[in-house]
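The values are calculated or read from the model by the stated rules, or taken from the named source; none is laboratory data. As the structure is a computational prediction, the values presented were derived from the model and not from experiment. Note that each Cβ is placed from the backbone with ideal geometry, even for glycine, and that neighbours are counted across all protein chains shown. Surface areas here come from the heavy atoms of the whole protein model, side chains and all, with no ligands, DNA or RNA. Shrake-Rupley method; radii C 1.70, N 1.55, O 1.52, S 1.80 Å.
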Amino acid sequence: MIPFLLRRSLHLIPTLIGISLISFFLMQLAPGGPVDQIADMNPHVTPEAKARIRSDLGLDRPIPAQYVSWVKRMAFLDFGTSFTDGRPVIRKISERLPATILLNILSIGLMILLALPIGWLSAIRANSLFDKAMTVLVFVGFSMPTYALALWLMILFGLNLGWLPISGWSSLNFIEVPLWRKALDIAQHLIMPTLVLGLTSLAGLSRYARNSLLEVIHQDYIRAARAKGLSFRRVYGVHAARNALIPMVTLVGLMLPDIIGGGVIIETIFAYPGIGRLGYEAIMTRDYNLIMALTVISAALTVLGNFLADALYAYADPRIRYK
Amino acid sequence: MLSLYLERFKRNRLAAAGLAIIVLLTLGAALAPALCPQDPTAQNLTQRLQGPSAQHWMGTDDLGRDVFSRLLTGTRVSLSVGFVAVGIALGVGTCLGLLAGFFGGRTDTFIMRWVDIMLSIPTLFLILAVLAFLGPNIYNVMIIIGLTSWPGLTRMVRGECLSVREREYVHAARLSGVSTPRLLFVHILPNVIAPILVSATLGVGGAILTESALSFLGLGVQPPMPSWGNILTIGKDYLHIAWWLSVFPACAILITVLAFNLLGEGLRDVLDPRT
């Protein structure tokens, strides 16, 4: 197990370097660079002032030198300050990160809890009415524009029925209520974003689970297990499910970037204080340091998630370790 | 062979329905200027936010423009973004995949490392950031969606190419002196085309969905050019008084993307004998 993990973590290094390169050169795309984008709106900014800002930010140095010093500072988690309010970028991100991690864990949990049973039942009763209905339903969820679903849920549960709050992640009286009411309050705010993110991303996983299980079911060892008299439940619920569903761990890892990216839309619509909405605000205000930091951090989180998924997979299935 | 595929395809009613919808939409998009009952950008402020009626089949928006005409014109935007973006992704993804699978070694490692990197960056965020800097318009949207959606395809083409290149007919072709580009594109490519076709079809649906999300967030197709996403942006502000402004465009997106996904899945069943 240890050699596998070491080998796998060596792979992380070039990936992380590549991510930092992309994030850095993303910023070189802007015509005129950051200074023009900030200063062009203000007619009082003289060319000399622009040059001063440029040298203050170190933007007058050669691009490779800028890249190296940016990476060096990043190693100490120094991502510079935000252009909009001058606060350290890392502080702004760390305030928002817990909310996003909570939302992502819940929606991935919901997705797995729904996708695996749906995939399992569909495979056991392949081509039944249930299988067909689920195929169509899952595809509808997959093809649904997430923001439209979010808007309709807001209308239904937020406005018409009035059951759930439609924005933010806490109510106005949050600070004065006791702890259990605080937890309840956050939970209520999380229901709709979790539903939307979970339901719209479950298609891939449940289809994959179904097909993978279908392949396993027709193998000899399953027939042998049935022949020696093991119960239906034990054979399909344990023997088949274990082999078919363990590879799903990697798939969930691969879905992370889509889920984090989808968070940009969902968090913006629900005014949810996570890094997705922070990213949207950063993009809209051309907040360079914040955008670069968010690209790097969200990609690094994905890489970490994939690493964990692979480690988990290797732990569950020893064959993987010796490939 | 082809008749066998056709036979299998006909039995898959969902996929056939998907194809029918796509054909209809393409026709609608091509003939949109002739079919539009009204000018999609003509404002009529006395007719603001009218519900569906005989005159305005899907009502009017906040500036009195005919929603049906805008939706129909938006079909052109969505389909052209879908097809062009997938075309770009196909070109880049197939070439890189063939190169990685065929040459192996360092080329393979280098290309696959980039695939890993691209697959770990949240794509939507990357697209939004690039659009914010380059300026949002329909051409940038097509190009950027295309340039960010090739990695999955590359990985798949590489895998297929790895197994095909060991087949005897490839060795035979190489021994008889066929040049490398010809070997790649004439001899190997046709044998990996089936999975490429499937993921291209699914890709069109994905690209349309992404475009609509970008336009919804204000960084895609810019008004007054109508797109399903930016009609929905207006609909969002009038959700409680004008349902037709959000329901019709959302259904248009849903039905179109669903059609491409069902067709893609159907093609997979037809072309892939393993499942």
A 1.4 Å probe over the protein heavy atoms gives region A:89-316 a carbon and sulfur accessible-area percentage of 67 percent
For A:K92, the lysines lying under 23 Å Cα to Cα, once residues fewer than eight places off in the same chain are dropped, come out as A:K72, A:K182
For region A:89-316, Rg(Cα) over 2.2 N^0.38 Å is 1.18
Total charge of the residues flanking A:F139 in space, meaning their Cβ is under 15 Å from its Cβ, with Lys and Arg +1 and Asp and Glu -1, is +2
If the label point sits 7 Å along Cα→Cβ of A:L179, residues of region A:96-120 with amide N under 11 Å come out as none
Short to long, in 5 Å steps from zero, the percent of alpha-carbon pairs of region A:104-239 per bin is 2, 10, 14, 15, 14, 12, 9, 8, 6, 5, 3, 1, 0
Mean other chain Cβ within 10 Å across A:253-264 is 4
Farthest towards the positive end of the dipole of chain B, among B:Q38, B:S163, B:T60 and with Cβ unit charges of +1 on Lys and Arg and -1 on Asp and Glu, lies the Cα of B:S163
Taking only Cα atoms of region A:175-293, the Rg to Rh ratio with Kirkwood Rh works out at 1.20
Computed over region A:59-157, protein heavy atoms only, probe 1.4 angstrom, the accessible area per residue in square angstrom equals 51 Å²
Rounded to one decimal in nm, the spacing of the 7 Å Cα→Cβ label points at A:R73 and A:K50 is 2.2 nm
Residues other than A:E267 with Cβ under 13 Å of its Cβ, Lys/Arg counted +1 and Asp/Glu -1, net out at +1
Rounded to whole angstrom, the alpha-carbon centroid of region A:163-238 lies from that of region B:32-70 at a distance of 43 Å
The protein assembly as shown -> Rg/Rh from Cα coords, Kirkwood Rh, value 0.97
Here the relative contact order (percent) of region A:89-316, from C-alpha pairs under 8 Å and at least 6 apart, is 29 percent
Lys and Arg at +1, Asp and Glu at -1: neighbours of A:M248 with Cβ under 12 Å from its Cβ sum to +2
Descending packing, highest mean Cβ count within 10 Å first, for B:127-133, B:172-178 is B:127-133, B:172-178
Computed from the beta carbon distance with a Förster radius of 60 Å, FRET efficiency for B:T26 and A:V238 to the nearest 0.05 stands at 0.80
Note to self: Kirkwood Rh of region A:33-151, Cα pairs, one decimal, Å, is 19.7 Å
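Within a 10 angstrom radius of each residue's Cβ in B:212-223, how many Cβ atoms of other chains show up on average? Whole number is fine.
Per residue, the average neighbour count from other chains is 3.
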Taking the dipole of chain A about the Cα centre (Lys, Arg +1; Asp, Glu -1; charges at Cβ), the one of A:I246, A:I265, A:I108 that reaches farthest to the positive side is A:I246
Listed by chain and number, the lysines with an alpha carbon less than 24 angstrom from that of B:K10, same-chain partners under 8 positions apart left out, are A:K132
The correct pair for chain B, radius of gyration to one decimal and Dmax as a whole number, both in Å and from Cα atoms, is 21.8, 76
For B:53-63, B:25-35, A:113-123, ranked highest to lowest by mean beta-carbon neighbours within 10 Å, the order is A:113-123, B:53-63, B:25-35
With 0.36 nm assigned to each residue of separation and the Cα-Cα distance removed, A:L156 to A:L12 gains 47.4 nm
The FRET efficiency for A:E215 and B:E7, from their Cβ-Cβ distance with R0 = 35 Å and rounded to 0.05, is 0.90
Buried accessible area between A and B, both sides, 1.4 Å probe, in Å² rounded to 100, is 3900 Å²
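For A:R223 and A:L137, FRET efficiency with R0 = 35 Å and r from the beta-carbon atoms, rounded to 0.05?
It comes out at approximately 0.65.
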Mean accessible area per residue over region B:11-131 (1.4 angstrom probe, all protein chains present, square angstrom) is 44 Å²
With label points set 7 Å from each Cα along the Cα-to-Cβ direction at A:R125 and A:A65, the distance between them in nm comes to 7.0 nm
Here Rg/Rh (Cα, Kirkwood) for region B:12-77 equals 1.11
The alpha-carbon pair-distance distribution computed for region B:37-123, with 5 angstrom bins and whole-percent values, is 3, 13, 14, 12, 9, 7, 6, 7, 8, 8, 7, 5, 2, 0
Quick tally, 1.4 Å probe accessible area for B:R48, A:R54, B:R113, B:R13, sorted with the most first, runs B:R13, B:R48, A:R54, B:R113
Rounded to one decimal in nm, the spacing of the 7 Å Cα→Cβ label points at B:T46 and B:L271 is 5.5 nm
